[in-house]
Each structure stands twice: as C-alpha cells, then as structure tokens.
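Student: I have a structure I would like to understand better, so I am pasting it below and will then ask my questions one at a time.
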Amino acid sequence: MKKVRTGIIGVGNMGSGHFKTIMEGEVPDLEIAAIADRRPERLAWAAEKYAQLVAEGKTANPPFESFAEGSELIASGLCDAVLVCIPHYFHPPMAIDAMKHGQHVMCEKPAGVYTLQVREMIDEADRHPELVFGMMFNQRTNHLYRKMKEIIESGELGEIRRTSWIITDWYRPQFYYDSGDWRATWSGEGGGVLLNQCPHQLDLWQWICGMPVLIDSRMKFGRWHNIEVEDDVTVYCEYANGATGTFITSTGDYPGTNRFEITCDGGTLICDKKSLTLAKLDMPIDEFSKVNRKVFAHPGKTDIIPETDGQNPQHAGVLRAFGGAILRGEPLVADGREGINGLTISNAIHLSAWLGKEISIPFDEELFRSELMKRVATSRGKKAAGNVTGDTEGTY
C-alpha cells in the first residue's frame with residue numbers, strides 16, 4: 001500500500017479542514033478516495049475546491065467519489081481508512097461500522113457523548129488489533145503541552161500539589177450556535193462547551209496531570225446564549241495523592257484567558273497561551289518549611305523558560321502520524337481508546353451539576369446515561385440558520 005485510501009465522513013467545519021490538508025499534500029501517506037455528507041451543498045463545495053486545486057496545480061490527489069451517507073462510503077470498499085467528522089452522538093456507531101468493514105479509524109473529538117457508548121467503540125477496536133484507531137487530539141502536538149508532560153513525568157518537580165486551568169478564550173456569538181440545528185442541544189450535541197470546545201483541554205489535563213478521583217462542579221445552562229446546554233463551567237477536583245484542582249471555562253467571555261498552572265513540591269509550571277515558564281524551587285517546599293526559622297521566609301527559586309522543539313503541527317501532525325501508523329507501525333499522537341478519559345471527566349462534571357453533589361470517579365455510568373436521556377427527551381431542538389459551515393483556521 002503506497003497511499004492510504006481515505007474517506008472523510010462529514011465535510012463540515014472540521015471535515016472541510018481535513019479535506020484541504022490532505023488535498024494540498026500536507027499528509028503524504030493519505031489520499032482522499034471518498035467523502036460523505038448529507039448536505040448536497042457540502043459535496044458540491046468539495047468538488048469545486050478539488051477542481052480549483054487541480055487547476056492551480058496544488059494537488060496530486062486522484063478524483064474521489066461522493067456519498068450522502070457515511071454508511072454508504074464505508075460499504076463501498078473504496079477506503080482503507082475513514083475520518084469520522086460528524087456530530088458527537090454518531091462518532092461511536094460510525095467508527096464501529098468502519099472497523100467491522102476492516103477500515104482504520106481516526107475519530108474527531110469528543111470520542112462520544114457518554115462513556116457507555118465509547119466503551120462499545122473500544123470493545124470493537126479491541127476485536128480488531130490489526131486496525132489503527134486514533135483520536136484527533138491535535139493539541140497533544142503542541143510543544144508547550146508536550147514539554148509540560150515531559151517535565152511532570154520526569155519527576156524533577158516531585159508530586160503535584162495543585163492544578164488550575166482557566167480556559168475562557170472560547171467566545172462564541174449566538175450565530176455560531178444558530179448555524180447548525182444539532183448545535184447546543186441535548187438531543188443533537190449532548191452538551192455545550194465541555195463537549196464541543198473543551199475536549200482538548202480535558203484530555204490534556206488528564207494526559208499531563210493524571211485522572212482526578214473526585215469532581216464537584218457548578219454549571220450555567222444558557223447563561224450567555226439562547227441555548228439549552230452549558231456555556232459556563234466551574235469545577236473543583238481532587239486527585240488520589242490529595243492534590244486539588246480547578247477547571248473554569250466559558251464561551252461567554254471575551255477576550256478571555258488561557259492559563260494552565262501545575263504546582264508541584266519543587267516548583268510551578270505555567271502555560272499562558274503561547275508561553276511556558278517554570279519557577280523551580282531551590283528546595284522542595286515541604287522540606288523548606290521543616291528547616292526554615294524565619295517568619296516570612298520562602299524557598300529560593302529560579303525562573304526558567306523550558307526549551308522545546310518549537311513544533312506545533314496540530315491536525316496535519318495527527319494525520320501524518322495516523323498514516324505512519326497504518327503503513328509503518330509508527331506511534332499515533334493519541335490512541336482512540338484514550339478518548340474515554342477526558343470524556344469521563346466531562347460526564348462526571350455534568351453529573352455533579354445535575355445532581356448537585358460531589359461525584360467520585362469511577363461513577364455510575366448507567367446513571368449518567370439515564371440523566372442525559374431525561375434531558376434529551378425534553379430537548380426543544382431548533383431550526384438552523386442554513387446549517388452554515390465556517391473556517392476553523394486559527395480557532396484552536
């Protein structure tokens with residue numbers, strides 16, 4: 001196999017970006033063999049974009065087939081792999097269908113809406129060890145977060161004492177929510193800022209710091225927008241070692257903040273949007289406290305800017321790794337099975353807010369599904385403003 005014949009299921013906001021990335025040759029191991037979308041205008045957009053790239057000499061991709069349904073694309077046998085880029089509830093069933101047809105899968109985030117359906121997807125993946133199953137956690141390619149993980153895992157700072165992430169630069173206007181009939185509804189999307197914008201941060205939070213064991217949350221549903229799901233979230237968590245954490249997010253603030261702090265025994269890492277700093281203590285804080293004999297003293301510290309490789313390939317990097325994994329057995333950026341971790345935190349946050357109490361992890365996953373389905377049953381739905389597709393460049 002010289003190239004992986006790839007199908008894109010869903011040519012909306014994310015699928016369109018992947019279409020252009022592959023078509024323009026940024027992922028040499030992949031070529032687009034087919035696309036699927038229920039909206040004829042998106043299939044027409046792809047055909048026009050392809051014709052334009054061919055005319056400009058910017059693509060070597062052969063002609064591709066178009067389908068109205070992802071299931072038709074999968075059943076066609078035209079593809080070795082598929083990218084699943086459709087609304088959240090459909091990620092697991094579409095991925096499972098592709099795996100049953102012997103096709104590799106790259107799934108957009110989130111892995112699904114609730115953990116029980118994601119466990120079904122993982123079970124199917126485990127039945128096909130010959131297939132590559134990846135998750136589109138493109139933020140894991142960011143050199144700043146990779147360096148944070150490297151430093152924490154090295155143990156040089158000792159144990160984590162506290163984590164704090166305020167991620168409020170997700171502002172979305174009302175028209176964003178009005179642009180799709182599935183958006184910001186319990187029945188169509190299954191959640192708001194946690195399911196749409198924050199799967200990356202929830203994944204990074206646990207990828208770097210580990211999974212919490214307790215969640216206590218407060219959420220506002222439709223606080224800043226005319227929507228039924230959450231657009232303002234404040235979370236408190238605890239870890240197995242006694243460390244605590246907070247996670248605050250919203251789509252109602254502008255310009256907002258993106259600041260991730262990890263305080264450890266030996267220092268504090270701070271990632272402030274586009275920079276990473278380390279305040280490294282001369283002596284671990286508890287050790288200093290035991291030997292110090294001055295009233296207002298504190299440990300000495302050295303401020304460091306950790307050296308990184310500067311690379312941040314994002315979606316193209318995830319797709320290049322996907323192609324390499326299929327053709328040469330190279331490592332993925334994120335195995336698809338890891339998608340359940342951030343979703344577990346997300347589900348626990350929702351459950352805590354719905355029930356008004358602390359939630360231990362692991363939690364009752366059947367109870368979560370039951371509570372979610374209560375809200376799905378009363379979801380008011382809406383008519384979209386034309387199902388508008390936007391350009392996601394620069395929004396992640």
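Student: Of the cross-linked pairs Lys147/Lys301; Lys3/Lys149; Lys149/Lys274, which ones have a Cα-Cα span greater than 23 Å in the structure shown?
Tutor: On the way: Lys147/Lys301 20 Å; Lys3/Lys149 33 Å; Lys149/Lys274 16 Å.
In this structure, Lys3/Lys149 exceed 23 Å between Cα atoms.
Student: So what's Rg/Rh here for the range 136-262, counting alpha carbon atoms and using the Kirkwood radius for Rh? Each step should come with its number before you reach the end.
Tutor: Details: Rg = 15.6 Å, Rh = 15.5 Å.
When Rh is taken as the Kirkwood radius, the ratio is 1.00.
Student: Sticking with this structure for a sec: Among DSSP beta bridges lying fully in the chain, give the percent that are antiparallel, nearest 5.
Tutor: On the way: 41 of 67 bridges.
Bridges in the chain that DSSP calls antiparallel: roughly 60 percent.
Student: Could I ask something else about it? Ignoring ligands, DNA and RNA, how do Tyr89, Tyr145 rank by accessible area with a 1.4 Å probe, largest first?
Tutor: Working: Tyr89 35, Tyr145 10 Å².
From most accessible down to least: Tyr89, Tyr145.
Student: Using heavy-atom solvent-accessible surface (probe 1.4 Å) with all chains present, what is the largest-first order of Thr268, Thr115?
Tutor: Numbers: Thr268 30, Thr115 0 Å².
The residues order as Thr268, Thr115, largest area first.
Student: Could you state the number of Å between the C-alpha centres of the range 108-146 and the range 1-44?
Tutor: That distance is 19 Å.
Student: If you don't mind, there's one more thing I want to ask. Specify whether the C-alpha gyration tensor of the range 207-276 places it in the rounded, prolate or oblate class, a ≥ b ≥ c being the square roots of the eigenvalues: rounded for a/c under 1.5, otherwise prolate if a/b is larger than b/c and oblate if not.
Tutor: Details: a/c = 3.50, a/b = 1.47, b/c = 2.38.
Oblate, because a/c is 1.5 or more while a/b does not exceed b/c.
Student: Hey, another quick one. Using Cα springs under 10 Å in a Gaussian network model of the chain, which residue among Leu367, Leu281, Leu202 shows the largest mean-square fluctuation?
Tutor: Leu367
Student: Further question on the same structure: Cα centroid distance between the range 46-85 and the range 189-266, in Å?
Tutor: 36 Å
Student: Once the whole set of protein chains is in place, how much accessible area is left on Trp207, using a 1.4 Å probe, in Å² to the nearest 10?
Tutor: Its accessible surface works out to 50 Å², give or take rounding.
Student: As an exercise, identify the trypsin sites (Lys or Arg not before Pro) in the range 212-275 lying in DSSP coil whose Cβ has no more than 15 other Cβ atoms within 10 Å. Don't skip to the end; give the middle numbers.
Tutor: Values: sites: Arg218, Lys220, Arg223, Arg259, Lys273, Lys274; in loops: Arg223, Lys273, Lys274.
Hits after loop and neighbour filter: Arg223, Lys273, Lys274.
Student: Tally Lys/Arg at +1 and Asp/Glu at -1 over every other residue whose Cβ is under 13 Å from the Cβ of Ile270; what's the total?
Tutor: Numbers: positive: Lys147, Arg162, Arg259, Lys273, Lys274, Lys280, Lys301; negative: Glu261, Asp272, Asp303.
Net of charged neighbours comes to +4.
Student: Taking Rh as the Kirkwood radius computed over C-alpha pairs, what is the Stokes-Einstein D of the chain at 10 °C in a medium of viscosity 1.306 mPa s, expressed in µm² per second?
Tutor: D, rounded to a whole number, is 71 µm²/s.
Student: While we're on this one: Accessible surface of His101 in the full protein assembly, 1.4 angstrom probe, to the nearest 10 Å²?
Tutor: Estimated to the nearest 10 Å², His101 gives 100 Å².
Student: Send over a whole-number figure in Å² for the accessible area per residue of the chain, probe 1.4 Å.
Tutor: Numbers: 17300 Å² over 396 residues.
That works out to 44 Å² per residue.
Student: Charges only on Cβ, +1 for Lys and Arg, -1 for Asp and Glu: so what's the dipole of the range 190-334 about the Cα centre, in debye to the nearest 20?
Tutor: Values: 13 positive and 18 negative charges, 49 e Å.
In total the dipole reaches around 240 debye.
The values are calculated or read from the model by the stated rules, or taken from the named source; none is laboratory data. Note that the coordinates shown come from a computational prediction; the quantities given were computed from them, not determined experimentally. As a convention, Cβ positions derive from the backbone with ideal geometry for all residues, glycine included, and neighbour counts pool all protein chains shown. Areas reflect the complete protein model, heavy atoms only, side chains present, ligands, DNA and RNA absent. Shrake-Rupley method; radii C 1.70, N 1.55, O 1.52, S 1.80 Å.
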